[in-house]
Amino acid sequence: MNHVLNITASNTPAVVERLLQVTRYRGYQLTGLQMTPRADSRSVAIKLSVSGDKPIHLLTSQLHKLYDVQQLELVSAELAVLSA
Amino acid sequence: MKGAELVLKVLQQHGVDTIFGYPGGAIMPIYDALYQSSVKHYLCRHEQGGAFSAIGYARASGKVGVCMATSGPGATNLITSLADAMLDSVPVVAITGQVSQAVMGSDAFQEIDVLGLSLAVTKHSFMVRSVEELAATLNEAFAIAQSGRPGPVLVDIPKDVQLADIDYQPEASTSVKPAPVATSLANAAKARALIAAAKKPIAYIGGGVHMAGAMGQLQQFLAANPMPSVTTLKAMGSVAKDNAHYLGMLGMHGTQAANLAVQQCDLLICLGARFDDRVTGNLQKFAPLAKVIHVDIDPAEINKVRFADAALLGDMQQILPAISAGTDCADWLSHCAQLKQQYGWRYDHPGERIYAPLMLKQLSERMPDNSIVCCDVGQHQMWVAQHMRFSHPRNHLSSGGLGTMGFGLPAAIGAKLARPQDTVIAVSGDGSFMMNVQELATIKRFRLPVKIVIVDNQRLGMVKQWQQLFFNERYSETNLSDNPDFVALAAAFAIPGHCITRKDEVESALEAMFTWPGPYLLHVCIDDKDNVWPLVPPGAANEEMITETKA
Ligand SMILES: Cc1ncc(C[n+]2csc(CCOP(=O)(O)OP(=O)(O)O)c2C)c(N)n1
Ligand SMILES: [Mg+2]
């Protein structure tokens, strides 16, 4: 199952590593990654595409806990398939 | 002032008067500032030991534990202990020195990517880039370590930041308070309905209850809603000693009454616990008839491994009174009381050799009120959990989630410094003791009156037990019969000790240990054949416990 997560996070040096580490450790595969620093460069918009057999809430709930993550929005799986 | 001095100022603002650490090149400016600081530094003899002492300090006191190490090998030596704090949700702030930013990224001497290493073993971590952000970063570290579900936070400080000058004016209340806990009682009515309707409810209590400061609310809840209760390893001591319906620890080495009752219950009220695999055994077969109420502070634990019919997130102190509904389950209570009676521990062990469960029961009965027991990992750890009683979880420090050998002795050092008025006992195994044995030097230096009990079976007993049961008695690398002379070893650190081998020596040996005013090592030799029972074999449901007679 494919999922797309739209994430707003603090623009800290390790923020992408943190997202990827949690994604890998919790058992999801990365299928796409896009990041754009916001104008003020204090935060960054990240689009994380993942696939995995486990329910996606097991990943989103762990990503939410990352201190750098400010907002996390799960785009529905169907949309993810359409946009793929 | 220099960044290094600022570090100590901020620690003091957070009420830190005790830190554990070990110096080295990249953290020398902070050690230089320590030289004239009123913050008391305890020199460990291995950074892993220092960080375990910080954990012991934090767990015994409820405060944040602080440890320090230099860059490179100093920082890597912290990793195991940070992982331990992570899995047991212990608030720790670790400060590491880093090479100067001018050489960072050049494989400089003792440079290692500590921020990268920290990702999997900390709740959060920082690399400080300028002295201007140093105070704010440290304040954030303390807030994160204590907020929500606590955990370890690492702050990596390059040497040039430590040496940089700053005009620091501490604000009146710099100490960032941990973020208040958002509590949702939306499902309280649902939980109350489940409790009121349950015929066989049971409370499954984890470390989250005492960490939320909800020990009082828990006793009130259990009094207003009489039901059997079980605890995890981390929650031992949560249920008041006079609660007749308490059944002990559940899980792999839990009591038969606890495991059978949980398997039979129709409502499992999980309070600050996380359905760890050492608790559930075969997850699909765990409490198969039960609806679940799950109360926790960490949203990620809800529905992680077991579906919750009603979940409540937030502050345990508020939630417990809100879900009180009154129970009516006299038959169930008497059934569980009968299980407890039927499967009570037996201490009538034949022969004159020392039987560790009985020895630990004697220790438990003899130790002063409010003593703190710090355990290592293995069979002796399970015997402590089974046969000793505690009046508070902060009196039983055991490495639960990570199961880290070498935890006990340094944790005892931290516990003793946190609560100098209370007796501290490290119960270790002959294998585990050797993993941080160098901390005897810390005990010697600071004359810490820690009591050390080594349960010596001349084996890596827990592994040996599994080899015996599940690997055709092929005892690969678990024989320690060439152990050092532990009493002589202690003597080398000016710690007196005594070795016992017979049951009839136990009482007087314990007496001598407690009467001696300083540190003391009691070497207790037991039979290498003794095993921990009951045991839920891997893959089995919790009612399929093996007992000594069946094995
Ligand atoms: C650091 C570490 N390495 C290995 C293990 C695996 N392990 C678990 S229990 C155990 C044996 C412990 O021996 P000892 O301390 O003598 O305790 P006993 O089981 O004999 O009571 C081992 C090797 C571990 N838990 N931690
Ligand atoms: Mg042993």
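Would you mention how many residues in segment B:206-232 are in contact with a Leu (Cβ under 8 Å, 6 or more places away or on another chain) and closer than 20 Å to B:R278 by Cα?
Residues in segment B:206-232 being in contact with a Leu (Cβ under 8 Å, 6 or more places away or on another chain) and closer than 20 Å to B:R278 by Cα: 7 in total.
Inspect segment B:267-282 for any residue being within 14 Å of chain A (Cβ to nearest Cβ), within 27 Å of B:M252 (Cα to Cα) and either crowded, with 18+ Cβ neighbours inside 10 Å or among the polar types (S, T, N, Q) (or both) and give the result as yes or no.
Scanning segment B:267-282 turns up at least one residue that is within 14 Å of chain A (Cβ to nearest Cβ), within 27 Å of B:M252 (Cα to Cα) and either crowded, with 18+ Cβ neighbours inside 10 Å or among the polar types (S, T, N, Q) (or both).
What are the residues in segment B:359-384 that are more than 16 Å from ligand 2 (Cβ to nearest atom) and either under 18 Å from the mean Cα position of the chain (by Cα) or within 14 Å of chain A (Cβ to nearest Cβ) (or both), if any?
B:N370, B:S371, B:I372, B:V373, B:C374
Under the condition of being surrounded by 16 or more Cβ atoms within 10 Å (Cβ to Cβ) and of a type in the set (S, T, Y), which residue from segment A:9-39 is farthest from the other protein chains (Cβ to nearest Cβ)?
Top of the filtered list is A:Y28.
Give the residue that is most open to solvent (accessible area, probe 1.4 Å), with candidates limited to residues of segment B:411-439 that are under 12 Å from B:G50 (Cα atoms) and within 16 Å of ligand 1 (Cβ to nearest atom).
The qualifying residue most open to solvent (accessible area, probe 1.4 Å) is B:Q438.
Specify which of the listed residues (B:A143, B:A135) is hydrophobic (A, V, I, L, M, F, W, C) and either under 24 Å from B:M211 (Cα atoms) or assigned to a loop (DSSP other than H, G, I, E, B) (or both).
B:A143
For segment B:313-323, give me each residue that is open to solvent by 40 Å² or more (accessible area, probe 1.4 Å) and either under 14 Å from B:N225 (Cα atoms) or free of Cβ contacts under 8 Å to residues at least 24 places away in the same chain (or both).
Once the filter is applied, which keeps residues that are open to solvent by 40 Å² or more (accessible area, probe 1.4 Å) and either under 14 Å from B:N225 (Cα atoms) or free of Cβ contacts under 8 Å to residues at least 24 places away in the same chain (or both), segment B:313-323 yields only B:P321.
Look at B:P368 and say whether it is at pLDDT below 95, open to solvent by 50 Å² or more (accessible area, probe 1.4 Å), outside the structural domain of B:A257 (by TED's automatic domain parsing) and of a type outside the set (D, E).
No: the conditions fail for B:P368.
For segment A:41-76, name all the residues that are of a type in the set (A, V, I, L, M) and within 14 Å of chain B (Cβ to nearest Cβ).
A:I56, A:L58, A:L59, A:L63, A:L66, A:V69, A:L72
Among the listed residues B:M104, B:M68, which satisfies the condition of being open to solvent by 30 Å² or more (accessible area, probe 1.4 Å) and without any contact (Cβ under 8 Å) to a residue 60 or more places away in the chain?
The unique qualifying residue is B:M104.
Report whether or not B:G254 is within 21 Å of the chain's Cα centre (by Cα) and of a type in the set (G, A, S).
Answer is yes for this residue.
Looking at (1) closer than 24 Å to B:L43 by Cα; (2) in contact (Cβ under 8 Å) with a residue 12 or more places away in the chain; (3) not acidic (D, E), which one does B:V384 not meet, given that it meets all the others?
(1)
For segment B:418-443: of the residues being small (G, A, S) and in contact (Cβ under 8 Å) with a residue 60 or more places away in the chain, which is nearest to ligand 2 (Cβ to nearest atom)?
B:A441
Do the conditions hold for B:A300, that is, is it within 14 Å of another protein chain (Cβ to nearest Cβ) and out of contact with any helix residue (DSSP H, G or I) (no Cβ under 7 Å at 6 or more places or on another chain)?
Taking the combined requirement at face value, the residue does not satisfy it.
Would you mind stating whether B:L333 is of a type in the set (A, V, I, L, M) and closer than 30 Å to B:R149 by Cβ?
Taking the combined requirement at face value, the residue does not satisfy it.
Can you tell me which residue among B:D88, B:D113 is among the acidic types (D, E) and open to solvent by less than 30 Å² (accessible area, probe 1.4 Å)?
Matching residue, one of B:D88, B:D113: B:D88.
List the number of the failed condition for B:Q386; all other conditions in (1) part of a loop (DSSP other than H, G, I, E, B); (2) open to solvent by less than 30 Å² (accessible area, probe 1.4 Å); (3) more than 11 Å from ligand 1 (Cβ to nearest atom); (4) not small (G, A, S) hold.
All conditions pass for B:Q386, except number (1).
Taking the residues in segment B:116-132 that are open to solvent by 60 Å² or more (accessible area, probe 1.4 Å) and part of a helix (DSSP H, G or I) as candidates, determine which candidate is farthest from the other protein chains (Cβ to nearest Cβ).
Checking each candidate, the answer is B:E132.
Condition check: over 15 Å from B:W383 (Cα atoms), within 16 Å of ligand 1 (Cβ to nearest atom) and touching a residue at least 60 places away in the same chain (Cβ under 8 Å). Does B:P449 satisfy that?
Taking the combined requirement at face value, the residue does not satisfy it.
Among (1) part of a loop (DSSP other than H, G, I, E, B); (2) over 28 Å from B:A186 (Cα atoms); (3) of a type in the set (K, R), which single condition is B:R306 missing?
Exception for B:R306: condition (2).
From the list B:A141, B:A136, B:A83, exactly one residue is at pLDDT 95 or above, within 14 Å of chain A (Cβ to nearest Cβ) and closer than 13 Å to B:D156 by Cβ. Which is it?
Among B:A141, B:A136, B:A83, only B:A141 is at pLDDT 95 or above, within 14 Å of chain A (Cβ to nearest Cβ) and closer than 13 Å to B:D156 by Cβ.
For segment B:358-380, which positions are closer than 22 Å to B:D527 by Cβ and away from ligand 1 (no atom under 12 Å from the Cβ)?
Matches in segment B:358-380: B:L358, B:M359, B:K361, B:Q362, B:L363, B:S364.
The values are calculated or read from the model by the stated rules, or taken from the named source; none is laboratory data. Predicted model only: the values in this text are computed from it and were never measured. Neighbour counts run over all protein chains shown; Cβ positions are idealised from the backbone, glycine included. These accessible areas exclude ligands, DNA and RNA; they are computed on the full protein's heavy atoms, side chains included. Shrake-Rupley method; radii C 1.70, N 1.55, O 1.52, S 1.80 Å.
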